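See below for the structure under consideration.
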Amino acid sequence: MTAYEPEGATGRPGGAGPRGTPGADAGYDAVVLAGGAARRLGGEDKPGVRVGGRTLLDRVLAACADATRTVVVARPRPTARPVEWAREDPPGGGPLAALDAGLRHTGEPYVLVLSADLPFLEEKTVRRLLDTLRAGTPHEIPGASRPARPGYATRIEGPGTRHDGHDTCHDDPGTRADGSGTRADGPGARLDGVLLTDPDGRDQPLVAVYRADALRRELGALAAAHGSLSGLPLRRLVAALDLTRITDPVASFDCDTWNDIAAARARIREHGHVLDEWISAVKDELGIDLDVDTGVLLDLARDAAHGVARPAAPLTTFLVGYAAARAGGGPEAVAEAARKAAALALRWADEDTPDARPDSGPPAAPATPATPATEPDAG
C-alpha cells in the first residue's frame, strides 16, 4: 500500500480535458467525498474501515480507476492508487461545500460523484451511469427511470437521510437553486445527471454522474443565494437538476453503521463472491493492475493438483506468474504460460495410466505378413 499525498497527482496521465459540449466518448473526472463525522460509527474514520482487507475508500477508488482525474475531498491518507486531494473551507462544511471544493480540480465534461462508503460499487456500474448520461436527451434513454413530469426532479415522499446526515428528500421539484423557476423541458432538453436509487427508492446523489457545467451552474446559484455553501443540504442541489434514476440495490449499498459493515464483510465471504474479492484484494495490496482469466489459472491449479501432487498447484501457478513477468507481463503472457504448464500437467498425468506405453520414439512399422513357403509337388 502506497501513500499518494502530493497535490497534483492524477488518476492517469493526461490530466484534465477540455471543457465544452461532451461527445459520446468524452472522459470523466471523479470526486469522492471522504469527510464527514461518521457519528453512527462512533466517530470512526469510516473511509479507513476495512471490508475484505481493503479500506472502503480504496474499494470506491477501484471502481473509478479509469477516471481522467480522481479528487478525494478529505485529509490526505495512504491509498492504493494515485489521487489528488482537496478540502472544503472550512473543513466540515458539509457535502455541497465538499463537492464544490472537489469540482474546482476537475476539467472533464462529466463528473462522477461518490461517497467513500460504497463497498460493492464496481466499474460496470460506473460505466452504466456514464453510458446513460452520454445517451443524450431524456427521451432517448431506454430503460431508465424518469420522473412523472419530464424535465422535473423526482419528488421523494417523506424524510430520508443518508451518507452521514445528507438529506435525500426533495422539495419544490423543478425549481432552480436561485429560485428562478422550472427548467426548460421538451425534446431538446439535456439531462443534468444520472444517479442510483436504493432498494427503497431513495435517491443516492453520491452515487451519480453529472454534467460538470450543470453542477457549476447550480452550485454557483446556491452560493449566490445563501452567501455560502457551508451547511446547506445536498437536496438543495439535487432538486434543481434534471436527473434520471437507475435502481441498483447492491452498488447503492452504503455503510452507515457497524451493522452495515458486518453485513458487507459477511457478503464478500459468500461462495459466489469470495474468490473475486480475494483476487481484487491481493492485486491492490501488491500494486498489480492486471485482468487475467482466473478460470484458466484455476483449471491449471486443478490439473497440477490432481495430475501431479496437491502442493504442485500453488507452486505451478507461482511459476506461471514468474514466467509471464519475464515475458513482459500482460494477460496474453499469463495465458500462454498457463497453457504450456497445463499441457505439461496433462502429459504428466497421462503417463500414470495403466495403458500408457513408453515414449521411446515413433512406433515400429507393422510387420509384413510372411509369404507362404512353396511346397514341393506331390506328383
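Just need a number here: residues in segment 316-329 that are over 17 Å from residue 343 (Cβ atoms) and in a helix (DSSP H, G or I).
5
Which of the residues that make up segment 95-120 are under 18 Å from residue 203 (Cα atoms) and open to solvent by 10 Å² or more (accessible area, probe 1.4 Å)?
The answer is 95, 120.
Is it the case that residue 154 is assigned to a loop (DSSP other than H, G, I, E, B), modelled with pLDDT of 95 or more and not small (Gly, Ala, Ser)?
no
Residue-wise test of (1) part of a helix (DSSP H, G or I); (2) open to solvent by 40 Å² or more (accessible area, probe 1.4 Å).
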site: 270; (1), (2): no, yes
site: 285; (1), (2): yes, yes
site: 302; (1), (2): yes, yes
site: 305; (1), (2): yes, no
site: 309; (1), (2): no, yes
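I'd like the full set of residues that are open to solvent by 30 Å² or more (accessible area, probe 1.4 Å) and either assigned to a helix (DSSP H, G or I) or among the charged types (D, E, K, R) (or both), limited to segment 251-268.
Passing the criteria: 258, 259, 260, 262, 263, 265, 266, 267.
Report, by residue number, each residue of segment 90-136 that is among the hydroxyl-bearing types (Ser, Thr, Tyr) and in contact with a strand residue (DSSP E or B) (Cβ under 6 Å, 6 or more places away or on another chain).
If the condition is that a residue be among the hydroxyl-bearing types (Ser, Thr, Tyr) and in contact with a strand residue (DSSP E or B) (Cβ under 6 Å, 6 or more places away or on another chain), then 106, 110, 115, 132 are the ones that fit.
Confirm whether residue 221 is in contact with an Asp or Glu (Cβ under 8 Å, 6 or more places away or on another chain), part of a loop (DSSP other than H, G, I, E, B) and either over 18 Å from residue 121 (Cα atoms) or modelled with pLDDT of 95 or more (or both).
Criteria not met by residue 221.
If we scan segment 237-250, do we find a residue that is open to solvent by 50 Å² or more (accessible area, probe 1.4 Å) and assigned to a helix (DSSP H, G or I)?
Checking segment 237-250: not a single residue is open to solvent by 50 Å² or more (accessible area, probe 1.4 Å) and assigned to a helix (DSSP H, G or I).
Of all the residues that make up segment 31-86, how many are part of a strand (DSSP E or B) and out of contact with any helix residue (DSSP H, G or I) (no Cβ under 8 Å at 6 or more places or on another chain)?
The total comes to 3.
Which condition from (1) without any contact (Cβ under 8 Å) to a residue 60 or more places away in the chain; (2) touching a Gly at 6+ places or on another chain (Cβ under 8 Å); (3) on the phi > 0 side of the Ramachandran plot is the one that residue 94 breaks?
If we test residue 94 against (1) without any contact (Cβ under 8 Å) to a residue 60 or more places away in the chain; (2) touching a Gly at 6+ places or on another chain (Cβ under 8 Å); (3) on the phi > 0 side of the Ramachandran plot, just (1) comes out false.
Give the residue, chosen from 65, 34, that is modelled with pLDDT under 95 and crowded, with 21+ Cβ neighbours inside 10 Å.
Testing whether each residue is modelled with pLDDT under 95 and crowded, with 21+ Cβ neighbours inside 10 Å leaves just 34.
The values are calculated or read from the model by the stated rules, or taken from the named source; none is laboratory data. Note that the structure is a prediction, hence the values are computed from the model and not measured. Ideal geometry is used to build each Cβ from the backbone, glycine not excepted, and the neighbour counts take in all protein chains shown. Remember, those area values only see protein heavy atoms, side chains included, never the ligands or the DNA or RNA. Shrake-Rupley method; radii C 1.70, N 1.55, O 1.52, S 1.80 Å.
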